Amino acid sequence: MRSALPQTRLPPPQKKRIYIGEVVASAQPLLLQTLLGSCVAVCLRDPIAFVGGMNHILMPGRCDGDGLPSRCGVHAMELLINAIMKEGGDRRRLEAKVFGGGNVVPSLQSPTVGELNAIFIRDFLATERIPLVAQRLGGTKPVQVTFRTDTGRATVHTVDGSRLPTILNAEDDYRSNLAKAGSGGEVTLF
């Protein structure tokens, strides 16, 4: 005869939507969401400490002299790694899942921003020896990404073309507002 253990349900995690140039990390369960076209979202997690986070990268590499460098690859990655470490994560245990990098505007010449973003993030993770455990890069459709910081579970859904103008307008607005933005803060490079 088996005794029945009481089952407890954990409350659903709080949700947070992130936008271009944002970086969020949490030691508490958090459901992060973002919408991607050519941009890339990197989901990092320390599976032992149950600390995770996400960024939303607009451009690969560095953006020196930019008013908001967190939109660019190197800075966004270092901010995310630092935020996870600040929450108690260990850099040596990080694992990554990456999404986006699509060519949602078919008239663009190769290499597209999406292709460059995909190349950048794979190279960055390899250089930093952060295992890439899941990815969905490329394609021609925007994607909606959801990432749970404590479990590392990620879901990706293709978005129909009706949301493409929203994504393109957000990216255009972001670019036009950069001249008005202040400094993006400090980052410690390891």
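The values are calculated or read from the model by the stated rules, or taken from the named source; none is laboratory data. Note that the coordinates shown come from a computational prediction; the quantities given were computed from them, not determined experimentally. Please note: Cβ atoms are built from the backbone with ideal geometry, for glycine as well, and neighbour counts cover all protein chains shown.
General observations
- The single residue among CYS43, CYS39, CYS72 that is touching an Asp or Glu at 6+ places or on another chain (Cβ under 7 Å), closer than 20 Å to LEU137 by Cα and of a type outside the set (Val, Ile, Thr) turns out to be CYS72.
- Verdict on GLY52 being modelled with pLDDT of 95 or more and either closer than 20 Å to ALA25 by Cβ or touching a helix residue (DSSP H, G or I) at 6+ places or on another chain (Cβ under 9 Å) (or both): yes
- Taking each residue of the stretch 128-140 that is under 14 Å from ASP90 (Cα atoms) and looking for partners that are of a type outside the set (D, E, K, R) and assigned to a strand (DSSP E or B) with beta-carbon atoms closer than 7 Å, six or more apart or interchain, yields ILE130/ALA96; PRO131/ALA96.
- Residue check for GLN144: within 21 Å of VAL24 (Cβ to Cβ), surrounded by fewer than 18 Cβ atoms within 10 Å (Cβ to Cβ) and in contact with a helix residue (DSSP H, G or I) (Cβ under 9 Å, 6 or more places away or on another chain): yes
- Residue match in the stretch 81-89 (condition: touching a Gly at 6+ places or on another chain (Cβ under 8 Å) and either closer than 27 Å to GLY139 by Cβ or among the hydrophobic types (A, V, I, L, M, F, W, C) (or both)): yes
- Of all residues in the stretch 112-123, those being under 14 Å from ILE81 (Cα atoms) and modelled with pLDDT under 95 number 0.
- The stretch 127-141 - residue that is under 19 Å from GLY100 (Cβ atoms) and polar (S, T, N, Q) and, of those, surrounded by the fewest Cβ atoms within 10 Å (Cβ to Cβ): THR140
- Candidate set: the stretch 1-33, residues that are farther than 22 Å from ILE130 by Cα and among the hydroxyl-bearing types (Ser, Thr, Tyr); chosen: the one modelled with the highest pLDDT: TYR19
- Residue list for the stretch 84-126, restricted to those being in contact (Cβ under 8 Å) with a residue 60 or more places away in the chain, among the aliphatic types (A, V, I, L, M) and surrounded by fewer than 20 Cβ atoms within 10 Å (Cβ to Cβ): VAL105
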